[in-house]
Amino acid sequence: MKALLLFSLASAFLGQTAFAATLVKYDFNNVPNVNSPNKPSAFSPCVLPSDLYECCLTPALFTTGGPDGTAFRGYSGWDMTQYDPNVYFNRDALYQWPATLGFTVTPEAQSIGAFTGFNIDLKRADAQSPNTIMASIFWEDAAGTIQQRNSGAIDISSFTSWTNVSFADTFGTAPLPTGVDFGGETFRFELYAWGGSGSLYLDNVTLSGECAPVPEPGAALLLGVSGILFGLRRRRQR
């Protein structure tokens, strides 16, 4: 009942002050050199994102020629063949898998929200580039088990020019946490490509959604009273 009350109150508050659309974005325009960390170029004040890390991949940095005409990254060293999916998905901790790009996002503990999209701009450098990609999300449930959602394999063999890829989280072991269960959770996002060890060009790695703080009891009460007064005023005006 308490969780339902918090969800109802926060939902009303969310409609007023939600930080919607972009939760975190990495566009590489703020990366000074090839060995610099990939810090978020934009993020909601309601979440704490990590840098975008490459694990065992070789990075490159290009200052022009991206999908918006500006900087982008290239990464090589991907797997030629896909790793055993049963091993990849069944983890005992939120570590990053080798030959992936990954980042974490932690919404504020006292917040409510949900993820609504995960997109990247992608281009294959040449015939040696990977021809398949997958996005995955990992988190730890209340029992301490690592859960996951993933997009499944996406064929990118024809992506020889910049293409926006939208990942859906339709496969996995559990629904993604939303509402009050969203706050305080740490989510690991990974991009895993295979089918070639050559370079993939990437830009505008963007996670979208909604996130807002749960209102303090006083603010929630004020919202409720304001709604009642607004309803009474409308009745009187009829």
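Distance from the C-alpha centroid of the stretch 136-199 to that of the stretch 39-89: 13 Å, rounded to the whole angstrom.
Shown for the stretch 23-124 is the translational diffusion coefficient from the Stokes-Einstein equation, using the Kirkwood radius over Cα pairs, a temperature of 4 °C and a viscosity of 1.567 mPa s: 83 µm²/s. Label separation (Tyr83 vs Thr116): 3.3 nm, computed from points 7 Å beyond Cα along the C-beta direction. Based on alpha carbons, the Rg and Dmax found for the stretch 128-184 are 14.8, 45 Å.
How much of the calculated P(r) for the stretch 161-211 lies past 11 Å, in percent of all Cα pairs? It works out to 82 percent of all Cα pairs. Here r is the Cβ-Cβ distance between Ala142 and Ser208 and R0 is 25 Å; the resulting FRET efficiency, rounded to 0.05, is 0.45. In terms of the mean number of neighbouring beta-carbon atoms within 10 Å, the peptides 116-129, 84-97 order highest first as 116-129, 84-97.
Here each label is just a point 7 Å from Cα along the line to Cβ, and for Cys55 and Ala42 those points are 2.9 nm apart. Measuring from label point to label point, each 7 Å out along Cα→Cβ, what is the Thr22 to Asp92 span in nm? For Thr22 paired with Asp92, the spin-label model returns 4.0 nm.
Any read-out appearing in this document is the output of simple, stated calculations on the displayed coordinates, not a laboratory observation. What you see is a predicted model; the values in this text were computed from it and never measured. Backbone-built Cβ (ideal geometry, glycine too); neighbour counts: all protein chains shown.
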